[in-house]
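One structure is given below, encoded as structure tokens.
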Amino acid sequence: MAHLGSGRRRLAVPVGLALTASLALLPSVAASAAPLGNTAETAKVSKPDTSGPKLSYVANLTAYGTVQQAKKAIERAGGTVVTSYEQIGVVVAHSQNPEFAKQLRAQRSLFVSVGATRTAPLSPVQTTEEGSTQKLSAADAAKAAAQATEGEEPLEPNQWDLRAIKADQAHKINDGSPDVTVGVIDTGVDDTHPDLAPNFSASQSANCVGGVADTTEGAWRPYADGSDHGTHVAGTIAAARNGIGISGVAPGVKVAAIKVSEPKTSLFYTEAVVCGFMFAAEKGIEVTNNSYYVDPWNYTCKNDDDQKALVEALGRATKYAERKGVLSVASAGNSNHDLASNAIEDTTSPNDTTPVPRTIDPKVCLDVPTQLPGVVTVSATGDQGFKSYYSSYGLGVVDVAAPGGDKYQVPATPDANGRVLSTLPGGGYGYKQGTSMAGPHVAGVAALLKSAHPHATPSQLQAMLKAQATKAACPDKVYDGTGALIDATTCNSKWGQTGYYGYGVVDALKAVK
């Protein structure tokens, strides 16, 4: 999968998501639901067509529809219910009926929206290699260890990113509380890694692939030949200060793994991501890190019948998690797109079948989950403080910035590597760059804030992240994709924010003070 190999792939004022005012009360409303209207609307569909590919769907209920009614309607239309979330009125189903979504949408008193979560048919479980990572060499490891000072982890001299947000200074005051957990919604985490094992929370971890949480021992780990992305992200957040390897931004907090990526492709489909947010909400996780966009659409459009159902389901899940005390952090993307512009060329969607180039309006077609309300949107910077050449941006869209790495911004470290060093499956270490790497720095700082302010709400934590961020003005120059310094004409500023950095670069030291 292209979007996770070296960070969040191709890999926000956030754009509003239309939810009914009574959504938070769906279960109680459903208990006294109004009748479903005329018989034509609820008539049974005789012998539904099963000639189409088997797809997965999300069906979003109205405030008056019940899950029981939805299940009956789904079965009549030739579908099978996979799982349901009564808390938010979302049902996940499978069907081979080509008219499945259309038939359910016709029942307007029951469903707000219904849509397929993918354009490719469901396939058997398989695994394969995807992506590549620059692994830390033994020579570079030895060079770093030789320069480590007292109190530093052996590889910490190579962690320019920690010093960029003053995390090294923060650790002298507070490493974070073990009562705070960051959930890594990603490709899975190798909890046996010696730098992650001390802080890993198995009781808050699961495999949500397919839409149903599997909490079997080890189900949250990466597939045998799968992506190392989630393990790398987890190390940036909470690698322990234990005299081994690196240090995380918040080395005293817990980290949990919520695997949502498909086997073989490592694609992130809506039903799995909804499961991830719901699982985090119910398991008492305080912060989630989301270094991905939800497949198969780089931008998911609210003016398309299928895609708007995905935005609705995901929006309900993130808002429910927020009400349960979860702050969600997400990466802005690696396309160098202006998310506040009037138009963006999307040449990669859908990415599970054949992409069809299209021009989208980013106010209508959202990068999800990063542009959902309440989600902290993060852009990436390099060692010199410039926006990383690949990072997407946008005035009023990006909330804060953090180190994501940039091979053209070379630090004065023993390895002279501008990417971010972190943990890899099997006990190793390696470098990645991307807004995928920026997001976990913010999630780590948010965990430090939650440790210092245990009763703070998600909105209060977000406000503190912004208020404490180190202000950064639009630069005169920025690196392009070839490594050339060019005029930073695409950076705009207003109301104390910039399109490149939002309110500024997060500050771990202020978080613990």
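The values are calculated or read from the model by the stated rules, or taken from the named source; none is laboratory data. Nothing here was measured: the structure is a model prediction, and the numbers come from that model. Positions of Cβ are generated from backbone atoms using ideal geometry, with glycine treated the same way; all protein chains shown enter the neighbour counts. Each accessible area value is taken on the protein alone, full model and side chains, heavy atoms only, with ligands, DNA and RNA left out. Shrake-Rupley method; radii C 1.70, N 1.55, O 1.52, S 1.80 Å.
Points worth noting:
- Over the range 450-513, the fraction of Cα-Cα pairs per 5 Å bin, rounded to whole percents and listed from the shortest bin up, is 4, 17, 19, 18, 14, 12, 8, 6, 2, 0.
- Span per principal axis, largest first, for the Cα atoms of the range 327-374 (Å): 35, 25, 19
- Across the options HIS453, VAL376, PRO98, the greatest Cα extent toward the positive end of the charge dipole of the chain (unit charges at beta carbon of Lys, Arg, Asp, Glu) belongs to PRO98.
- The Kirkwood radius of the range 297-429, taken over pairs of alpha-carbon atoms, gives through the Stokes-Einstein law at 37 °C and 0.692 mPa s a diffusion coefficient of 199 µm² s⁻¹.
- Largest-first principal axis extents, alpha carbons of the chain, Å: 76, 49, 43
- Ordered by 1.4 Å accessible area with all protein chains kept, GLU217, GLU271, GLU322 run largest first as GLU217, GLU322, GLU271.
- Net charge, GLU156 excluded, C-beta distance under 10 Å - Lys, Arg +1, Asp, Glu -1: -1
- With the whole protein complex present, LYS166 retains an accessible surface near 70 Å², based on a 1.4 Å probe.
- Greater than 22 Å apart at Cα, pairs in LYS71/LYS283; LYS363/LYS450; LYS54/LYS363; LYS264/LYS324; LYS387/LYS494: LYS71/LYS283; LYS363/LYS450; LYS54/LYS363; LYS264/LYS324
- Sorting the segments 481-490, 252-261, 337-346, 298-307 by their mean number of nearby beta carbons within 10 angstrom, highest to lowest, gives 252-261, 298-307, 337-346, 481-490.
- The range 234-331: C-alpha pair distances exceeding 21 Å, %: 41 percent
- Inter-label distance for LYS47 and ASP305, nm, one decimal - labels placed 7 Å from Cα along Cα-to-Cβ: 2.4 nm
- Inter-label distance, nm, simple model (7 Å from Cα along the C-beta direction), SER123/THR192: 2.7 nm
- Solvent accessible area, Å² - ARG221, 1.4 Å probe, full protein context: 80 Å²
- Residues in the range 268-306 reached by a label modelled at SER203 [backbone nitrogen below 14 Å; 7 Å Cα→Cβ]: 283-285
- Simple rule: put +1 on each Lys or Arg Cβ and -1 on each Asp or Glu Cβ in the range 375-513, find the dipole, and look at PRO411, VAL400, SER436; the Cα lying farthest toward the positive end is VAL400.
- Student exercise, the chain dipole from Lys, Arg, Asp, Glu Cβ charges, in Debye to nearest 20: 1160 debye
- Mean separation of Cα contacts under 8 Å, 6 or more apart, over the residue count of the range 276-427: relative contact order %: 23 percent
- Under 5 Å, built H, 5+ apart or other chain: amide partners of THR83: VAL92
- For the pair ASP476 and THR216, a Förster radius of 45 Å applied to the C-beta separation gives a FRET efficiency near 0.25, rounded to the nearest 0.05.
- Under 15 Å of direct C-alpha separation, and excluding same-chain neighbours fewer than eight residues apart, LYS166 reaches these aspartates and glutamates: GLU152, GLU156, ASP175, ASP383, ASP507.
- The label-point distance for ALA224 and GLU150, in a model that sets each label 7 Å from Cα toward Cβ, rounds to 4.9 nm.
- Compactness index (Cα Rg / 2.2 N^0.38 Å), the range 48-107: 1.02
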